[in-house]
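Visitor: Pasting a structure here, questions to come.
The values are calculated or read from the model by the stated rules, or taken from the named source; none is laboratory data. Since we're looking at a predicted model, the values are computed, not measured. No Cβ is skipped: glycine too gets one built from the backbone with ideal geometry, and neighbour counts run over all protein chains shown. Each accessible area value is taken on the protein alone, full model and side chains, heavy atoms only, with ligands, DNA and RNA left out. Shrake-Rupley method; radii C 1.70, N 1.55, O 1.52, S 1.80 Å.
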Protein chains: 2
Amino acid sequence: MLEYRPPEQDFEFLLFELFKVQEQWADIPAFADISEDITRAVLSEGGRMAAEVMAPLNQSGDEEGCTWLDGEVSTPPGFKAAYDEIAGGGWLGLSGNPDYEGQGMPKLLGCLLEEMFWGANSSLYLYGTLTTGASICIDNHGTEQQKATYLPKLYSGQWSGAMGLTESHAGTDLGIIRSRAVPAADGGYRISGTKIFITSGEHDLTENVVHLVLAKLPDAPAGSKGISLFIVPKFLVDEQGKVGERNGVVSGSLEHKMGIRGSATSVMNFDEAQGFIIGEPNRGLACMFTMMNYERLSVGLQGLGAGELAYQQAVRYARERLQGRSPTGPKNPDRDADSLLVHPDVRRMLLTIRALTEGGRAFAMFVGMQLDLGKYTGDEQAARFSELLTPIAKAFLSDRGFECAVMAQQVFGGHGYIREWGVEQIVRDTRIAQIYEGTNGVQALDLVGRKVLRDGGATLQELFDGFDLSTIDTCYREPLEKAFAGVIAATEHIVSRSAVDPALAGAISTDYLELVGYTLYGWFWARMARVAGEDAYGCAKQDCARFYFARLLPKVLGLEASVISESACVMALADEAF
Amino acid sequence: MLEYRPPEQDFEFLLFELFKVQEQWADIPAFADISEDITRAVLSEGGRMAAEVMAPLNQSGDEEGCTWLDGEVSTPPGFKAAYDEIAGGGWLGLSGNPDYEGQGMPKLLGCLLEEMFWGANSSLYLYGTLTTGASICIDNHGTEQQKATYLPKLYSGQWSGAMGLTESHAGTDLGIIRSRAVPAADGGYRISGTKIFITSGEHDLTENVVHLVLAKLPDAPAGSKGISLFIVPKFLVDEQGKVGERNGVVSGSLEHKMGIRGSATSVMNFDEAQGFIIGEPNRGLACMFTMMNYERLSVGLQGLGAGELAYQQAVRYARERLQGRSPTGPKNPDRDADSLLVHPDVRRMLLTIRALTEGGRAFAMFVGMQLDLGKYTGDEQAARFSELLTPIAKAFLSDRGFECAVMAQQVFGGHGYIREWGVEQIVRDTRIAQIYEGTNGVQALDLVGRKVLRDGGATLQELFDGFDLSTIDTCYREPLEKAFAGVIAATEHIVSRSAVDPALAGAISTDYLELVGYTLYGWFWARMARVAGEDAYGCAKQDCARFYFARLLPKVLGLEASVISESACVMALADEAF
């Protein structure tokens, strides 16, 4: 019963009215040929793929799950045909390097496509997103030969990608991994070790799986400065790019997960597998980080897609379900009851989901735009903005996505708790987005520790200085001005106090990330309200903006008060007293 | 891997130091004989039951689930033996009427036992809590003969209870149910209809199931004033109280649920089943409401138990898991990494769970105390307080319980998402507490519409007037005074504006409930800090109180701002624009 409809009208509004992408792209040589018609055609065909190919397999994929037999993994029925169609449509190489048969589309546009794919079927799309991640890594750090060998096959979907980072004792702390890479006589390496939680590590969708694996060289320094990155293909590749001999990498078992059950998550055993180093020795983590900005934004988009999917289900249910009467008198007097839409508290939930989803979409596109500007125009400020905003995009979008899924489930009442309607699946599937690709707590630490403290809050200040309050309606100016001031005051507090209170950053990082997140959404809502027209769609935007400012932005008051504290209240409790 | 340990030290602190129950109970004749030793013995034996009998079946119950075959339902392996042990220990009649072999224990004490049973195994305890609910209803509204027939068997656990309210089209809105009750020549009724989501509707734990079923008499007025309540036993009972002929009630199927999978939730088909009216015709909903205060508090306690269970797992994991280094330098220099406990953001999560759980426990006991005072001393004010606080207890405790479960899962990182550790099960199991027994949105409406608006906020004002700020430490007085003032201002806003803005109550009810909830927890934390001693346990209480005031109480700022709004921002969006 999970149905997915591409939110085309909102996409068009954001692209052509809020961000005016045609004007922007005209100034970027790589994008100058992307006309409005092409943009629409890409979105429309991507939307069809999401709604007609991917979404129908979402619930069945969860029910059927993946199966493991002697190291071989079968994906749920229908996944192979759907994957072939996605791959055949060129969707996996959308933002890929055109020199290697990628399509070189803007990330800003890619955001919308990714959001749809995630929303339609997160388990199925995971096979694609890991492939994209591997491509980005190889494109940025691979040798010419590695790029030529792997990129076209990854972009075409003929091969898929997987990232081997986590070990059972080492998740966030990759510095302590134990996987080993021993130089071999042939100039390559032999990789041994066990990796866990490997998304798409083994499956039956493609003829090869390209593992990017973190391991330590024999002479590696301890900790995170002694990690190298290797390409380890499931099947070795000959000089013509043909797959040959099976490599020493095999799935030991599948993880039994809360959700994304159509996604095959393996324990992967590497036993003297042939590996090819990518980038410099001991610089593997840095290579990973190149890819991270894209992947983290993508996981944020998973939350966004989940919010949209959840919203659509909840609205459909609220419209059809007759229960109780409006507080202002019957609206449906010929029937036993009015629809759920008459109930203010149900509207509150629907509007919350919508305000967070549409606000989040504008924010995500803004981040995508910074990535594009940084990459294609060398705009150094945009590059810094994208660095600053990436952890917020990953954590805030996925946290809000989960919140939206839970809220949509609540609209269904008891019907939301049973599997039939599928909304409980959205909750289970979305939960992982807060955890993988760096937990949201780690994102918050990255924001405060790496991004804000490192330059004393200068980039953040620049970002907010760029938001011109004269370009929004007067009714939103004062609350937003206060919110901006709150962010700046919180930032100054952190910067000035961290020197004497080293635990402070970690103690308040999560609340700080939320403070910035809600404030940024406020900016985008105010801008959307200003740009929206007078038609029904524009009026709806205005109404949602009012709701956001009245009911959601006030959260910044509590967050600001919470951030302006010392770490003592967090650190005081003795370890043994927990 | 889910382990449960009774939080005995906190129980003792709350009972004997914060609430000084021995002094209170000495003044209540029904409780005068309950010595401190008896209280400790009851808690200790209940704790043993929870930890040793119930908890070991929590994960296996989820894995195995219930099975349905031709109308018969099998519970997971081990449930029957455990249920027999719970029943044999007299735990199902703990707060029952002593005239019918109940044990007449205070609800305040029952709260702690229920919290443990819920925490140890919510699926298993559901068979008990429905039995308690049915007992309360029969005790309050049944005839002498009905009480004599059913209560001893329910208290002993020989029979179990089930509540038949929901139909597929009628959940919150019970006024539109379609089940029919037709008077029969024998003076009884014949009940026909289909009920869904019936917890413990059919199972293999007891020799009989006593259904309390809402249905409409042929001449019933429309809506909620035309609903009557009936006892419909699975097996008819003869005059000696022996079970005989099978009645016309059968399980049509089991619901496939997100969680509480060890609890059998049936579609129940009633086909001219013999029913016996309880209470007056057309007054069935009122009978149900008597029970509701107890059951709603119980569902709140489910959230509380989940919070405690989640906390224990997360602390255990955080202690054992070595990952990363402390921001103030290595704490465990001999090993590769420090424990998670050194990380401020992990501590923030653990302290949040603990502050919400221990604050919630004090609050729940306070509500239990009001129920006791109202019932056993005729204290009219306490009775009103219990009415006012019940929806808060149900919604706020279960919302926070879910939040705590999700947060504990986050502490586990990726390991929290796989089934092995059991923490994802806590999330799935706890989610239902926000939905059943009246969704939390309905609780918020009950609070604002029925409890606050009905007396213009007078009872709420009385409650807060009774909290004497001179009995807390000075450092907490100002923030709490402000929070109290915020609650009163919000209440006045709602009372004064609702006359002209009929949708207002529903538009702000959820935020209002949270505002009151966080403020009440603030009161109990301040009181606990004042009463706590200087030992390690007392110092931990002080630390948690500081954390609560620094990091959680500030949420009231945003909530207060959100409540002080009009309904327009919620009601403006046109139905078709959703």
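Visitor: Roughly how large is the B-A contact in terms of buried accessible area, totalled over both chains, probe 1.4 Å, nearest 100 Å²? Don't skip to the end; give the middle numbers.
Guide: Working: alone 22900 and 22870 Å², together 38390 Å².
Chains B and A together bury roughly 7400 Å² of accessible area.
Visitor: Please go through region B:192-254 and write out the GluC sites (Glu not before Pro) that DSSP classes as loop and that have at most 10 other C-beta atoms within 10 Å.
Guide: Details: sites: B:202, B:207, B:239, B:245; in loops: B:202, B:207, B:239.
Passing both the DSSP loop test and the Cβ count: B:239.
Visitor: Treating the beta-carbon of each Lys and Arg as +1 and of each Asp and Glu as -1, no other charges, what is the dipole magnitude of region A:439-578 about its Cα centre, to the nearest 20 debye?
Guide: Using Cβ point charges on Lys, Arg, Asp and Glu, region A:439-578 gives about 280 debye.
Visitor: Sort B:379, B:468, B:336, B:99 from largest to smallest accessible area, using a 1.4 Å probe on the heavy atoms of the protein chains. Mind dumping the intermediate values first?
Guide: Values: B:379 55, B:468 75, B:336 100, B:99 125 Å².
Putting B:379, B:468, B:336, B:99 in descending order of accessible area: B:99, B:336, B:468, B:379.
Visitor: Please compute the Cα-Cα pair-distance distribution of the protein assembly as shown with 10 Å bins starting at 0, giving whole percents from short to long.
Guide: Reading upward from the zero bin: 2, 10, 19, 23, 21, 14, 8, 3, 0, 0.
Visitor: So, taking all protein chains as they sit and a 1.4 Å probe, how much accessible area belongs to residue B:319, in Å² rounded to tens?
Guide: Rounded to the nearest 10, the figure is 100 Å².
Visitor: Considering only C-alpha atoms, what is the centroid distance from region B:423-495 to region A:215-291, in Å?
Guide: Region B:423-495 and region A:215-291 have Cα centres separated by 53 Å.
Visitor: Additional query: Would you work out if region B:60-199 is rounded, prolate or oblate? Take a ≥ b ≥ c from the square roots of the eigenvalues of the alpha-carbon gyration tensor; rounded if a/c is under 1.5, else prolate when a/b is larger than b/c, oblate otherwise.
Guide: oblate
Visitor: Something else about it: Placing +1 at every Lys and Arg Cβ and -1 at every Asp and Glu Cβ, with all other atoms neutral, what dipole size does chain B have around its Cα centre, in debye to the nearest 20?
Guide: Details: 50 positive and 76 negative charges, 199 e Å.
Computed about the Cα centre, the dipole is about 960 debye.
Visitor: If you don't mind, there's one more thing I want to ask. Give, in nm to one decimal, the length gained when the segment between residue A:204 and residue A:143 is fully stretched (0.36 nm per residue of separation minus the Cα-Cα distance).
Guide: Values: separation 61, 0.36 × 61 = 21.96 nm, distance 2.83 nm.
Here the answer is 19.1 nm.
Visitor: Report the one residue of A:521, A:474, A:558 whose Cα lies farthest in the direction of the positive end of the charge dipole of region A:439-578 (charges on C-beta: Lys and Arg +1, Asp and Glu -1; origin at the Cα centre).
Guide: A:474
Visitor: What percent antiparallel are the DSSP beta bridges of the protein assembly as shown, to the nearest 5? Kindly include the intermediate steps, with their values, before the conclusion.
Guide: On the way: 68 of 84 bridges.
Roughly 80 percent of the DSSP beta bridges within the protein assembly as shown come out antiparallel.
Visitor: If you rank B:27, A:399, A:338 by how much accessible surface each has, with a 1.4 Å probe, what is the order from largest down?
Guide: B:27, A:399, A:338
Visitor: List the relative contact order of chain B as a percent without decimals, with contacts defined as Cα pairs under 8 Å and 6+ residues apart.
Guide: Working: 1064 pairs, mean separation 72.3, N = 578.
It comes to 13 percent, rounded to a whole number.
Visitor: Which length gain, in nm to one decimal place, applies between residue B:473 and residue B:37 when the Cα-Cα distance is subtracted from 0.36 nm times their residue separation? Walk me through the numbers before you get to the answer.
Guide: On the way: separation 436, 0.36 × 436 = 156.96 nm, distance 3.14 nm.
Full extension from residue B:473 to residue B:37 adds 153.8 nm.
Visitor: Below 8 Å between Cα atoms, with a sequence gap of 6+, how large is the relative contact order for region A:52-93 in percent?
Guide: Numbers: 22 pairs, mean separation 14.1, N = 42.
So the answer I get is 34 percent.
Visitor: How much mean residue ellipticity at 222 nm does chain A get from its helices, if each DSSP H run of length 4 or more adds -39500 (n - 2.57) and you divide by all residues, to the nearest 500 deg cm²/dmol?
Guide: On the way: 19 runs with 291 residues, N = 578.
Only helices count here, giving -16500 deg cm²/dmol.
Visitor: What ³J(HN,Hα) values, in whole Hz, does the Karplus curve 6.51 cos²θ - 1.76 cosθ + 1.60 give for region A:190-198 when θ = phi - 60°, with x put for Gly and Pro?
Guide: So the Karplus estimates, Gly and Pro as x, are 10, 9, 9, x, 10, 10, 10, 6, 8 Hz.
Visitor: Using a Förster distance of 60 Å, how high is the FRET efficiency between residue A:534 and residue B:240, based on the Cβ-Cβ distance and rounded to 0.05? Walk me through the numbers before you get to the answer.
Guide: Numbers: r = 78 Å, r/R0 = 1.30.
Rounded to the nearest 0.05, the efficiency is 0.15.
Visitor: Okay, moving on. According to the square roots a ≥ b ≥ c of the eigenvalues of the Cα gyration tensor, what is the shape class of region A:188-268, taking rounded for a/c under 1.5, prolate for a/b larger than b/c otherwise, and oblate for the remainder? Can you show the working numbers first?
Guide: Details: a/c = 2.50, a/b = 1.13, b/c = 2.21.
Note, shape of region A:188-268 comes out oblate.
Visitor: Using heavy-atom solvent-accessible surface (probe 1.4 Å) with all chains present, what is the largest-first order of A:180, B:321?
Guide: On the way: A:180 105, B:321 35 Å².
The ranking, largest first, comes out as A:180, B:321.
Visitor: Given a Förster distance of 22 angstrom, what is the FRET efficiency for residue A:576 paired with residue A:222, based on the Cβ-Cβ distance and rounded to 0.05? Please report the intermediate quantities before stating the final value.
Guide: Details: r = 29 Å, r/R0 = 1.32.
Between residue A:576 and residue A:222 the formula returns 0.15.
Visitor: Roughly speaking, what is the centre-to-centre gap between region B:379-394 and region A:28-57 when only Cα atoms are used, to the nearest Å?
Guide: Value for the Cα centre distance between the two parts: 57 Å.
Visitor: What helices in chain A pass both tests, a Cα length along the helix axis of 15 Å or more and a mean Kyte hydropathy of 0.5 or higher, using whole DSSP H runs? Each step should come with its number before you reach the end.
Guide: On the way: long enough: A:36-48 (18 Å, -0.58); A:107-120 (19 Å, 0.83); A:122-141 (28 Å, 0.33); A:144-155 (16 Å, -1.15); A:284-320 (53 Å, 0.05); A:344-377 (48 Å, 0.18); A:380-411 (45 Å, 0.19); A:474-498 (36 Å, 0.03); A:504-531 (39 Å, 0.53); A:536-547 (16 Å, -0.33).
Span-like helices, by this rule, are A:107-120, A:504-531.
Visitor: I need the shape label for region A:439-578. Rule: rounded when a/c is under 1.5, else prolate if a/b > b/c, else oblate, with a, b, c from the alpha carbon gyration tensor. If you can, show how the numbers build up before the last one.
Guide: Values: a/c = 2.78, a/b = 2.05, b/c = 1.35.
It is prolate, given that a/c is not under 1.5 and a/b is the larger ratio.
Visitor: Taking amide H positions as placed in the peptide plane 1.01 Å from N, state which residues far from residue B:439 in sequence (5 or more) or on other chains have amide H under 5 Å from it.
Guide: none
Visitor: Same structure, new question: I'd like the distance separating the alpha-carbon centroids of region B:544-578 and region A:527-578, in whole Å.
Guide: Cα centroid to Cα centroid, the span is 9 Å.
Visitor: While we're here: Quick check: net charge around residue B:99, other residues with Cβ under 15 Å of its Cβ, Lys/Arg +1 and Asp/Glu -1?
Guide: Details: positive: B:147, B:153, B:375; negative: B:101, B:139, B:144.
Net charge around residue B:99: 0.
Visitor: Here's another thing I want to ask about it. How large, in Å, is region B:184-234 by the Kirkwood hydrodynamic radius built from its alpha-carbon pairs?
Guide: On the way: mean 1/r = 0.0787 Å⁻¹.
After inverting the pairwise mean of 1/r, the radius is 12.7 Å.
Visitor: Give me the Kirkwood hydrodynamic radius of chain A, using the inverse of the mean 1/r over all pairs of distinct Cα atoms, in Å to one decimal.
Guide: On the way: mean 1/r = 0.0405 Å⁻¹.
Here the Kirkwood hydrodynamic radius works out to 24.7 Å.
Visitor: Something else: Can you return the lysines within cross-link range of residue B:216? Criterion is Cα-Cα under 21 Å, with same-chain partners fewer than 8 residues away left out.
Guide: Candidates past the 8-residue exclusion: B:195, B:225, B:234.
Visitor: How large is the accessible surface per residue of the protein assembly as shown, computed with a 1.4 Å probe and reported in Å² as a whole number? List each step's numbers first, then the result.
Guide: Numbers: 38390 Å² over 1156 residues.
That works out to 33 Å² for each residue.
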